[in-house]
Amino acid sequence: MKTIYDLIPEKFFTTSLKDNALGSIKIAVLREVIGNAIIRSNYPDETITFKLSEMRDVVEVPARKLKSREKLLGLKLCREFGVVDKELRYNVIKKSQQLANPNSVLFGDSVTESGDSVALTSRVIYDWAYSLRDINQITATLQHNALSEGGTMWNEEEGKLRQSLFQVQYVKPGTYLPHFITLENVTPELFVHLLLCVMNETRYFAQSTTTSTANVKNHILGVGFADFEQPVNSYSISKNWNNDDVNYETTSASIDAAMTKAYGEQGYVKGEKLVSLVNELWQDKEGMNALYAKAHADCEQYLKDIHIVKAKGGK
């Protein structure tokens with residue numbers, strides 16, 4: 001973990017999860033849509049939009065649509081390394097002791113079934129994401145039908161055609177979504193856990209478990225660090241965008257420039273070094289086991305410190 005301190009100063013990480021000190025880490029992520037994506041809320045045939053100006057309506061992605069997928073992958077990682085109760089399921093936590101795992105401490109969780117009204121606040125805050133181009137440029141509406149068992153629209157019982165046509169609006173591949181994730185009071189191990197979740201999750205939004213394979217590629221552009229979180233977010237990037245040429249190079253350059261201006265040359269590290277470091281760590285299975293064991297021990301100690309879990313010999 002000391003290698004991380006060569007990139008991000010040690011002062012921005014905590015050694016005790018009970019501490020609540022100054023210091024903020026912001027990850028700049030460029031989310032590239034690489035497969036048709038359904039980003040909807042109340043209306044099944046419409047994409048969520050936001051009126052950015054009189055001339056531009058953009059696609060809006062609520063933070064939960066991104067966080068939930070990465071939190072779920074984080075739970076799978078914790079199971080892989082044996083640092084989470086086997087009975088725990090996503091959003092189904094029966095006992096307060098089950099909160100003592102890296103995923104719950106990082107992303108926040110609450111007991112859902114027992115009489116304990118225990119909750120842990122999230123140490124990672126997700127931004128809402130906004131597209132750079134107008135919705136008319138990056139979406140397409142397709143008509144679908146619900147076939148019968150015979151593979152046609154024919155209703156065998158009534159002897160006539162079924163009326164089961166419906167439309168779905170998709171966000172097209174090639175759409176870029178600037179995005180930012182902010183962490184406070186995390187250990188280096190929890191920081192690596194988050195990076196693994198962001199780097200390796202590829203399936204998001206509606207119907208991702210039935211009709212979509214990998215539809216988003218996440219590019220970690222860099223990390224800013226300072227005593228206080230700086231006001232850089234997806235909205236400000238999209239609001240100030242005035243380039244008709246939208247591609248990886250132009251978009252990443254704009255985000256890098258905004259982060260460098262906000263955090264300074266000394267407070268912003270490019271993402272390539274972090275991604276390379278995390279990939280190297282992942283190849284070292286013995287090291288990863290040790291990393292997650294340390295993260296688990298820190299989480300167990302944290303729950304003891306705040307008296308959610310009883311210490312040995314304690315009341």
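The values are calculated or read from the model by the stated rules, or taken from the named source; none is laboratory data. Since this is a predicted model, take the numbers as computed values, not measurements. FYI the Cβ positions are ideal-geometry reconstructions off the backbone, even for glycines, and counts take in every protein chain you see. Quick note on the areas: whole protein, heavy atoms, side chains included, nothing else; ligands and nucleic acids left out. Shrake-Rupley method; radii C 1.70, N 1.55, O 1.52, S 1.80 Å.
Mean residue ellipticity at 222 nm, helices only, the chain: -9500 deg cm²/dmol; runs of at least 4 DSSP H residues each add -39,500 (n - 2.57), and the sum is divided by the number of residues.
Using the Cβ-Cβ distance between E286 and S41 with R0 = 45 Å, the FRET efficiency computed as 1/(1 + (r/R0)^6) comes to roughly 0.50.
Both radii were evaluated on the Cα set of region 176-315; the Rg over Rh quotient, with Rh as the Kirkwood radius, amounts to 1.05. Contact order for the chain, expressed relative to its length and based on alpha carbon pairs under 8 Å spaced 6+ residues apart, stands at 30 percent. Over region 1-147, all Cα pairs binned in 5 Å intervals from 0 give whole-percent P(r) values of 2, 7, 13, 14, 14, 14, 12, 11, 8, 3, 1, 0, listed from short to long.
Where in region 180-208 is the amide nitrogen less than 15 Å from a point lying 7 Å along the Cα-to-Cβ axis of N20? Under 15 Å, as judged by backbone N against the label point of N20, lie 184-186 of region 180-208. The per residue volume of the convex hull around the alpha-carbon atoms of the chain is 177 Å³. Between the listed residues I39, L277, A140, the Cα displaced farthest toward the positive end of the dipole of the chain, a dipole computed from Cβ unit charges relative to the Cα centre, is found at L277. Figure the gain on full extension for K273 and K239 (residue separation times 0.36 nm, minus the Cα-Cα span) and round it to one decimal in nm. Length difference between fully extended and current span is 9.3 nm. A 1.4 Å probe run over the chain, with the rest of the protein chains in place, finds 52 Å² accessible per residue. Computed from phi, the 3J(HN,Hα) profile of region 247-260 under the Karplus parametrisation 6.51, -1.76, 1.60 (θ = phi - 60°) reads 8, 4, 5, 5, 5, 5, 5, 5, 5, 4, 5, 5, 5, 5 Hz, with x in place of Gly and Pro.
Exposed loop sites here are GluC sites (Glu not before Pro) in DSSP loop states with at most 16 other C-beta atoms within 10 Å. What is the longest stretch of the chain lacking them?
Between exposed loop sites, the widest span is 159-315.
At full extension, L142 and V92 could sit 14.4 nm farther apart than now, given 0.36 nm per residue minus the alpha carbon distance. In the chain, the sites counted are chymotrypsin sites (Phe, Trp or Tyr not before Pro) in DSSP loop states with at most 15 other Cβ atoms within 10 Å, and the longest stretch holding none of them, exclusive of the sites, is 91-227. Legend: residue pairs K65/K261; K239/K273; K71/K217; K76/K217; K261/K294, Cα-Cα distance threshold 27 Å; pairs beyond threshold, K65/K261; K239/K273; K261/K294.
Here the gap between T112 and D57, fully extended at 0.36 nm per residue and compared with their Cα-Cα distance, gives a gain of 16.0 nm. Think of each Lys and Arg Cβ as +1 and each Asp and Glu Cβ as -1; about the Cα centre, that makes the dipole of region 202-315 roughly 660 debye.
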